[in-house]
Amino acid sequence: MRVTRLAITPVKGTGLHHPAAIDLRRWGAVGDRAFVVVDERGRVVSLPRTGAFAGLRARHDGDLAFHEGDALLCRGPVALAEAVRVEAHAGPVPGRVVAGPWTALLSQRAGRPVRLVKLDEPGAGNDVAPVTLVGTASLARLAERVGAPVDARRFRMLVELETDVPHAEDEWRGRRLRGEEVELVVGLPVPRCAAITRHPDRGDRDQPLVRAIRDDRGTGPSGVPFGVYAEVVREGRLRVGEELVLSSSG
C-alpha cells in the first residue's frame, strides 16, 4: 500500500499539518501532540468537547507560533512554568504549563479559562496507540454512504494508505506493515466519536458521520469502528509515496 498522506500537529486539537515525511519512534511521530490545552480541572480540551481550536494551526520550531490562515496570531519561546497533572485519555500524565501569550488567545477562543501545557513524556498525548491508519477506499465508501465528499482530516489519522477494498485495514490485525525503514504491527479498530462530525477548519458539527458509520458497519465493543491502531516495532522515517508491504500472516 502506498502512503498517500501523513497528518500531525504539535498542539492536540488544532489544525493538522501534512508533512512529506515523519520520524516514527516507539511512542509515535516526533513532534506530534507534544502540547495540549487543558481546562481549570486539568482535563484536555479535546475536539469532541469543542471545535474552538480547529481553525488554529500551531508550529513548533524552537519557538511556538499560532496561525489562522495566513495571519500570525502569536509567537514566542516555550517558557515552562509550574508542573501540573493532565487528565489525558489514558489517565493522569505530567506536564508543565507554558507561560506566554497562548493563555489569552486560547481562552478567548474557548470562551473560558484554559492553559497550554507541554507534556513531559513524548507520546503522552496519544489516545490509545502511537499510530493510526486508514485506507482511501474506506473514506470513499463513507462518502458514498453520506452522498457527499468526506474530508479525511476529520479523522485525524497519522497515516493514510491507498487501498482498493473498503475497511481492508480491519482485517490486518496482528499483521505487519513494512516500509523502507519502519515496521508496524496492526492492532484493533479505532472507535469513532463526535469529533469526526466537526468541520476540520470551522469546528462546527456539519456531517452526521458517526451515525453513517454505525448504519453501515454497526457498533463494535468500543464504538463505531473506522480505521485501525498500530504499534511501531521498527523505528525510522516514513514518507509520503512510500510503499508499505503487508505481511502474509501474523
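The values are calculated or read from the model by the stated rules, or taken from the named source; none is laboratory data. As the structure is a prediction and not an experimental result, all values here were calculated from the model. Neighbour counts are summed over all protein chains in view; Cβ atoms, including those assigned to glycine, are modelled from backbone coordinates with ideal geometry.
The residues of segment 134-169 that are farther than 25 Å from Asp206 by Cβ and either at pLDDT below 95 or among the small types (Gly, Ala, Ser) (or both) amount to a single one, Ala168.
For segment 189-208, the criterion of being of a type in the set (A, V, I, L, M, F, W, C), modelled with pLDDT under 95 and surrounded by fewer than 19 Cβ atoms within 10 Å (Cβ to Cβ) is satisfied by at least one residue.
All told, Asp215 meets the bar of being touching a residue at least 40 places away in the same chain (Cβ under 8 Å) and more than 25 Å from Ala29 (Cβ to Cβ). Picking from residues in segment 43-70 that are small (Gly, Ala, Ser) and within 21 Å of Pro101 (Cβ to Cβ), the one that is surrounded by the fewest Cβ atoms within 10 Å (Cβ to Cβ) is Gly62.
Considering segment 106-206, the qualifying strands (runs of 3 or more DSSP E), each wholly inside and each with 1 or more residues that are of a type outside the set (Ser, Thr, Tyr) and more than 19 Å from His18 (Cβ to Cβ), run over 115-119, 176-178, 183-192. Taking the condition over 22 Å from Pro113 (Cα atoms), out of contact with any helix residue (DSSP H, G or I) (no Cβ under 6 Å at 6 or more places or on another chain) and assigned to a loop (DSSP other than H, G, I, E, B), does Gly31 pass? So Gly31 passes the test. Exactly one residue out of Asp23, Asp32, Asp61 is under 30 Å from Glu181 (Cα atoms), among the charged types (D, E, K, R), free of Cβ contacts under 8 Å to residues at least 12 places away in the same chain and not assigned by TED's automatic domain parsing to the domain that holds Thr163: that is Asp61. Out of all the residues in segment 215-223, is one or more part of a strand (DSSP E or B) and either outside the structural domain of Leu47 (by TED's automatic domain parsing) or modelled with pLDDT of 95 or more (or both)? Within segment 215-223, none of the residues are part of a strand (DSSP E or B) and either outside the structural domain of Leu47 (by TED's automatic domain parsing) or modelled with pLDDT of 95 or more (or both). If you go through segment 1-28 and keep only what is in a loop (DSSP other than H, G, I, E, B) and either polar (S, T, N, Q) or within 24 Å of Thr136 (Cβ to Cβ) (or both), you end up with Met1, Ala7, Thr9, Thr14, Gly15, Leu16, His18, Pro19, Ala20.
Taking Leu80, is it modelled with pLDDT of 95 or more, part of a strand (DSSP E or B) and touching a Lys or Arg at 6+ places or on another chain (Cβ under 9 Å)? Yes; evaluated as a whole, the condition is true for this residue. Scanning segment 114-133 for residues that are surrounded by fewer than 17 Cβ atoms within 10 Å (Cβ to Cβ) and at pLDDT 95 or above turns up just one, Asp120. When the criteria are applied in full, Val86 fails the requirement of being β-branched (Val, Ile, Thr), part of a loop (DSSP other than H, G, I, E, B), surrounded by 18 or more Cβ atoms within 10 Å (Cβ to Cβ) and free of Cβ contacts under 8 Å to residues at least 60 places away in the same chain.
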